[in-house]
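The values are calculated or read from the model by the stated rules, or taken from the named source; none is laboratory data. Computed from a predicted structure; not experimentally measured. Ideal geometry is used to build each Cβ from the backbone, glycine not excepted, and the neighbour counts take in all protein chains shown.
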Amino acid sequence: MKLQKNISLKHLNTFGVDVSCKLFCSVTSTKEIEQLLLCDEFTKNNVLILGGGSNLLFTKDFNGLIVKNKVKGFETLSESKNNKIIKVGAGENWHQFVLWSIENGLSGIENMALIPGNVGASPMQNIGAYGVEAKDVIDKVWAVEIENGKEIILSNKDCQFEYRNSIFKNDLKDKVIITHVSFNLSKTPKKNTGYGDIMQEIKDLGMEVSTESICKAVIKIREKKLPNPDKIGNSGSFFKNPIISTSKFKDLKELNPEIIGYKISETEIKVAAGWLIDQCGWKGHRKGDVGVHKNQALVLVNYGKATGEEIITLAKKIQDSVKDKFDIDIHPEVNIIG
């Protein structure tokens, strides 16, 4: 564990925002995390735990310590006739874990292929895509408490999962460092194909429905809609899909028959934020180096030298226009670091 000073974060955040931090270090094990917690550099500075850098936006230089979580590894904790519980290091790349699960004959996370970031972010954000969320498969989460260095293990219920939310963004925010996550994966294909264009894409690929074909379909769909952060700076979906009452959705649908919504319960509908933003005319918008992607209105992009503040300014204008047109509040899915 080596502490470095004045390190650029440009290549450590997928938005590619050119900022730096006062101090930086990487940790590769629970033991190293426990040692780090005792250091003056940790106790006397603002601290940010960094995973894949895919779900945050820096608005200025970070005057503190950035800790890069590089805890790796895969371990089978238990196995039954139908399932395997796999414990994964928080520093593993999420998409690579999805591919690993398919290669090992396991199902449950293939619909979440190509989501950027690392495994440690999956319980924090309760990531999800195409009808599946992390909460559907997460078994337990291992973390170290920052205050005392004690390791804790949280069950799925303990994590208090909600849509793009969890205890790690609320009661445990800035209080723990996630080290491992275990997933309850199925040995038989789940075949979740009812969301979006998955079935059509599988047909276009000329494949039968399987764990592998669902994964390939999701990858194809995402590659069509979402820019590669290695080429254009972005963090994937910038806004959460808002949840509104069924009655409000019915009223909106009378005025906007093409509005896209998904039933959450008898009283709630999740509305496609991308559709709302598109209807406000933002898709393809660009001013200087900041803009909205031409294929997906949910994605804000940095074409080169955009600052975090410029991206935030655009996001606020989009929020205001959606509020004015539809009377719906949309909120960032991205964590704003400023």
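Summed over the range 291-332, residues that are aliphatic (A, V, I, L, M) and assigned to a helix (DSSP H, G or I) total 6.
Inspect the range 222-244 for any residue being without any contact (Cβ under 8 Å) to a residue 12 or more places away in the chain, over 21 Å from residue 117 (Cα atoms), basic (Lys, Arg) and surrounded by fewer than 21 Cβ atoms within 10 Å (Cβ to Cβ) and give the result as yes or no. Within the range 222-244, not a single residue is without any contact (Cβ under 8 Å) to a residue 12 or more places away in the chain, over 21 Å from residue 117 (Cα atoms), basic (Lys, Arg) and surrounded by fewer than 21 Cβ atoms within 10 Å (Cβ to Cβ). Pairing residues of the range 1-16 that are in the same structural domain as residue 37 (by TED's automatic domain parsing) and of a type in the set (Phe, Trp, Tyr) with residues that are surrounded by 14 or more Cβ atoms within 10 Å (Cβ to Cβ) and part of a strand (DSSP E or B), at Cβ distances under 6 Å and at least 6 apart in sequence or on separate chains, gives 15/57; 15/233; 15/302. Which residues, counting only those in the range 320-338, are touching an Asp or Glu at 6+ places or on another chain (Cβ under 9 Å) and either surrounded by fewer than 18 Cβ atoms within 10 Å (Cβ to Cβ) or closer than 21 Å to residue 53 by Cβ (or both)? Of everything in the range 320-338, those that are touching an Asp or Glu at 6+ places or on another chain (Cβ under 9 Å) and either surrounded by fewer than 18 Cβ atoms within 10 Å (Cβ to Cβ) or closer than 21 Å to residue 53 by Cβ (or both) turn out to be 323, 338.
Screening the range 289-318 for residues that are surrounded by fewer than 21 Cβ atoms within 10 Å (Cβ to Cβ) and in contact with an Asp or Glu (Cβ under 7 Å, 6 or more places away or on another chain) and picking the one that is nearest to residue 260 (Cα to Cα) gives 303.
Of the residues in the range 101-119, not one is in contact with a helix residue (DSSP H, G or I) (Cβ under 6 Å, 6 or more places away or on another chain), in contact (Cβ under 8 Å) with a residue 40 or more places away in the chain, more than 30 Å from residue 202 (Cα to Cα) and part of a helix (DSSP H, G or I). Identification of helices (runs of 4 or more DSSP H) wholly contained in the range 188-275 with 1 or more residues that are modelled with pLDDT of 95 or more and of a type in the set (Phe, Trp, Tyr) yields 246-255.
In the range 257-276, the residues that are of a type in the set (S, T, N, Q) form Cβ pairs under 7 Å with partners that are in a helix (DSSP H, G or I), at six or more places apart or across chains, as follows: 267/246. Within the range 314-337, residues that are more than 21 Å from residue 289 (Cα to Cα) reach partners that are at pLDDT 95 or above and among the basic types (Lys, Arg) with beta carbons closer than 9 Å, at six or more positions or on different chains, in the pairs 327/248; 328/248; 329/323; 330/323. Within the range 139-157, restricting attention to residues that are farther than 14 Å from residue 175 by Cα and in contact with a Ser or Thr (Cβ under 6 Å, 6 or more places away or on another chain), the residue that is surrounded by the most Cβ atoms within 10 Å (Cβ to Cβ) is 140. More than 25 Å from residue 262 (Cα to Cα) and of a type outside the set (A, V, I, L, M, F, W, C), is that true of residue 158? Considered against the rule, which asks whether it is more than 25 Å from residue 262 (Cα to Cα) and of a type outside the set (A, V, I, L, M, F, W, C), residue 158 comes out as yes. Consider residue 22 carefully, then state whether it is of a type in the set (D, E, K, R) and closer than 20 Å to residue 124 by Cβ. Judged against the criteria, residue 22 is not a match.
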